[in-house]
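What follows draws every value from the coordinates through simple rules; no lab data is involved. Quantities reported herein were computed from a predicted structural model and do not represent experimental measurements. Virtual Cβ from ideal backbone geometry, glycine too; neighbours counted across all protein chains shown.
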Amino acid sequence: MKKFVKLAAVFMAAAMLLALCACGSKPADDGKKTITLGTSADYPPFEFHILKDGKDEIVGIDVSMAKAIAAEMGAELQIKDIAFDSLLIELGQGTVDFVIAAMEKDDTRDAAADFSDPYYTDVPPKIVTLKDNAANYTSLDDFSGKTVGAQTGTTKADIVADQMAGANPLLLQSVNELVNGLVNSKCDAIVLDGAVADKYVASNDALAVVDISLGEAAEPYRVAVKEGDPDKLLDAINAAIKKAVENGDITTWMEEADALSSEAIGLE
Ligand code: ARG
């Protein structure tokens, strides 16, 4: 019996610890509140890994935006690198407090999370192929019977499904894997957000952007918080976005990310 009580106590302590860990914002050592960003760091110039003084670090426009939001809240920023298609699930579970990942708002996502005002509008999406094949594609019909890759759960996967009738979709969780797939002929093309396509092409001589337009404008990127915003984060997030847009910080962050993306790890 005594043993059982002891065991039960251990279990309860473990459960309490788990409950504590599950909560995204907990006080840091210095008493400052911690706020955890969820992102998918395979997406230069928005979020990507670099080696800084031998240490792996996640940087990019979205990370700079997250830092400004944390500063607005007087909180310490923690970053969790997650597959893009798990970001809103983790947000719902509370293992991250907010998501910034070049994420657009659409109806499905809007039903699962709350979104901030826009903080950035990219150039329209682009199609990337091997440089040697780029001239073979002059219209979207040319992808019929071809394998076209996109990141799982993204609006780029929707483009392959909706606008490239006849193409066989190859959906992979990470953009690095997709680019490897293209280089190793596992697919014939991939669809990426415009700035991201440019970055991967710039860091890989074998790749090129195809001269086919995928629409005039891109959907703006926004910050996501848990559905209903139970922790009331959106006011501070929108305040930080307003400042960053109005005082030109976003442009500076873009330039900084451009300068760093040549150091990005795992792009080639
Ligand atoms: N903009 C696209 C979307 O909202 C793709 C974003 C992918 N982001 C990333 N960090 N991998 O679906």
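Once Rh is set to the Kirkwood radius over Cα pairs, what Stokes-Einstein translational diffusion coefficient, in µm²/s, holds for segment 144-226 at a temperature of 37 °C and a viscosity of 0.692 mPa s? Answer from the Stokes-Einstein relation: 244 µm²/s. Along its three principal directions, the equivalent ellipsoid of the chain from the Cα gyration tensor extends over semi-axes of 36, 22, 18 Å, largest first.
Between the alpha-carbon centres of segment 130-145 and segment 169-215 there is a gap of 13 Å.
Highest mean packing comes first when the peptides 64-75, 37-48, 238-249 are listed by Cβ atoms within 10 Å, giving 37-48, 64-75, 238-249. Near LYS33, the amide H atoms lying under 5 Å from its own belong to ALA28, GLU76; only residues 5 or more places off or on other chains count, and H is placed 1.01 Å from N. Take every DSSP beta bridge whose two residues both sit in the chain; close to 60 percent of them are antiparallel. Mean separation of Cα pairs under 8 Å and 6 or more residues apart, divided by the residue count, gives the chain a relative contact order of 26 percent.
The helix-based estimate of mean residue ellipticity at 222 nm for the chain, built from -39,500 (n - 2.57) per DSSP H run of four or more residues and divided by its residue count, is -11500 deg cm²/dmol to the nearest 500.
Once the piece of chain linking ASN180 and ASP235 is laid out straight, how much longer is it, given 0.36 nm per residue of separation minus the C-alpha distance between them?
Taking ASN180 through ASP235 to full extension adds about 15.8 nm, to one decimal.
Residue-wise HN-Hα couplings along segment 202-213, as the Karplus relation 6.51 cos²θ - 1.76 cosθ + 1.60 with θ = phi - 60° gives them from phi, are 5, 9, 9, 4, 7, 9, 8, 8, 7, 7, 10, 7 Hz; Gly and Pro carry x.
Compute the convex hull volume of the Cα atoms of segment 191-268, divide it by the residue count, and report the result per residue in Å³ as a whole number.
That works out to 153 Å³ per residue.
Relative to the longest principal axis of the Cα atoms of the chain, the long axis of helix 61-73 makes an angle of roughly 30 degrees.
Rounded to the nearest whole Hz, the Karplus-based 3J(HN,Hα) values (6.51 cos²θ - 1.76 cosθ + 1.60, θ = phi - 60°) of segment 95-110 follow the sequence 7, 10, 8, 8, 10, 10, 7, 6, 8, 8, 8, 9, 4, 4, 5, 5, with x at glycine and proline.
What percent do you get for the relative contact order of segment 47-93 when only Cα pairs under 8 Å and 6+ apart count? Walk me through the intermediate numbers first.
Details: 22 pairs, mean separation 9.9, N = 47.
Worked out over segment 47-93, it gives 21 percent.
Applied to segment 223-235, the Karplus parametrisation 6.51 cos²θ - 1.76 cosθ + 1.60 on θ = phi - 60° returns per-residue 3J(HN,Hα) values of 8, 10, 10, 4, 3, x, 6, x, 8, 6, 9, 5, 4 Hz, with x for Gly and Pro.
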